[in-house]
Amino acid sequence: MAALPNNTNRKLPILLFDVMDTLVRDPFYQDVPAFFGMSLKELIDCKHPTAWVEFEKGLIDEMELARKFFKDGRDFDLEGLKTCMRSGYSYLEGVEQLLLTLKQNNFEMHAFTNYPIWYQLIEDKLKLSKYLCWTFCSFTYGKRKPDTEFYMEVLRHLNVDPTYCIFVDDRQKNVEAAVEVGIRGVQFKNVNLLREELSLMGIDISTDEDQ
């Protein structure tokens, strides 16, 4: 283990969470194709190959996204799409209780997510900021996981040794990228397995009722 940082009052480790399909259901795979009256494959085939990624990086705004979302430039109801996505957001089973427990146990937690300015739709509905800070969003940094530089930005901002960070993501390639820079990584599969893995890593997830 590396030496403790100078600020020894800071509770360690720091927990970094991916959001979509780790904490919150991603409506892209079912709700969005249904909104357009398509299958997922049809949607992927006809949407612009890079527009969403550019939106996630903050390179384009939502009006530009609407203009180029489909390869053929067809119009669509942008506000309707946002309403569809907002409706589809929900906490994954057991996740909110885990976040509450970690919050009650005073762990420092941050979102570390590939998501555009529409993170506000998630926040408006689920109030994720009750539990963690929306610190590391791709649209703010102009980078996306698994870009190594995005992880380095996180470490620079937190100003701690990477071994004092635990990162949870449902995508293995993002976890592997974290491990490569020295961050401890956990691939999310379900909340019960996550609880087990965090406990094995020394994270106290007991509640007052457990005492």
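The values are calculated or read from the model by the stated rules, or taken from the named source; none is laboratory data. Keep in mind it's a predicted model, so treat the numbers as computed, not measured. Cβ coordinates were reconstructed from backbone atoms using ideal geometry, including for glycine residues, and neighbour counts include every protein chain displayed. These area figures cover heavy atoms from the full protein model, side chains too; ligands, DNA and RNA do not enter into them. Shrake-Rupley method; radii C 1.70, N 1.55, O 1.52, S 1.80 Å.
I need the trypsin sites (Lys or Arg not before Pro) found in region 148-211, filtered to DSSP loop residues with at most 13 other beta carbons within 10 Å of theirs. Working shown, then result.
Values: sites: Arg156, Arg171, Lys173, Arg184, Lys189, Arg195; in loops: Arg171, Lys189.
Listed in order of number, the matching sites are Lys189.
What's the extension gain from Tyr29 to Asn159 if we count 0.36 nm per residue and subtract their Cα-Cα distance? Don't skip to the end; give the middle numbers.
Numbers: separation 130, 0.36 × 130 = 46.80 nm, distance 3.62 nm.
Length gained between Tyr29 and Asn159: 43.2 nm.
At 7 Å along Cα-to-Cβ for each site, give me the label-to-label distance between Glu62 and Met201 in nm.
3.3 nm
Classify region 80-141 as rounded, prolate or oblate from the Cα gyration tensor: take a ≥ b ≥ c as the square roots of its eigenvalues, call it rounded if a/c is under 1.5, otherwise prolate when a/b beats b/c and oblate if not.
Working: a/c = 2.72, a/b = 1.37, b/c = 1.98.
Oblate, since a/c reaches 1.5 and b/c is not below a/b.
Let me know the volume per residue of the alpha-carbon convex hull for region 31-126, in Å³. Working shown, then result.
On the way: hull volume 10.9 nm³, N = 96.
Hull volume normalised by residue count: 114 Å³.
Zone of Val53 (label point 7 Å along Cα→Cβ, backbone N under 17 Å): which residues in region 65-87?
So the set is 65, 68-71.
Pop out the carbon and sulfur fraction of the accessible area of the chain as a percent, whole number, probe 1.4 Å. Mind showing how you got there, number by number?
Working: 5110 of 10510 Å².
After summing per-atom areas, the C and S share lands at 49 percent.
Could you pull out which residues in region 121-160 have an amide N less than 17 Å from a spot 7 Å beyond the Cα of Glu180, following the Cα-Cβ vector?
Answer for region 121-160: 143-155.
Scan region 50-100 for trypsin sites (Lys or Arg not before Pro) in coil per DSSP, keeping those whose Cβ has at most 16 other Cβ atoms within 10 Å, and list them by number.
Taking region 50-100 and a limit of 16 other Cβ atoms within 10 Å, the loop trypsin sites (Lys or Arg not before Pro) found are Lys71, Arg74.
State the three equivalent ellipsoid semi-axes of the chain, derived from the C-alpha gyration tensor as the square roots of 5 times its eigenvalues, in descending order and whole Å.
33, 19, 14
Net charge near Ile60, counting Lys/Arg +1 and Asp/Glu -1 over other residues with Cβ under 10 Å of its Cβ? List each step's numbers first, then the result.
Details: positive: Lys57, Arg67, Lys68; negative: Glu54, Glu56, Asp61, Glu62, Glu64.
Residues near Ile60 contribute -2 overall.
Tell me the per residue accessible area of region 1-149 using a 1.4 Å probe; a whole number in Å² is fine. Write out the running numbers ahead of the final one.
On the way: 7240 Å² over 149 residues.
Normalised by residue count, the accessible surface of region 1-149 is 49 Å².
Quickly estimate the mean residue ellipticity at 222 nm for the chain, helices only: each DSSP H run with n ≥ 4 gives -39500 (n - 2.57), and the total goes over all residues, rounded to 500. Don't skip to the end; give the middle numbers.
Values: 11 runs with 89 residues, N = 211.
For the chain, the value works out to -11500 deg cm²/dmol.
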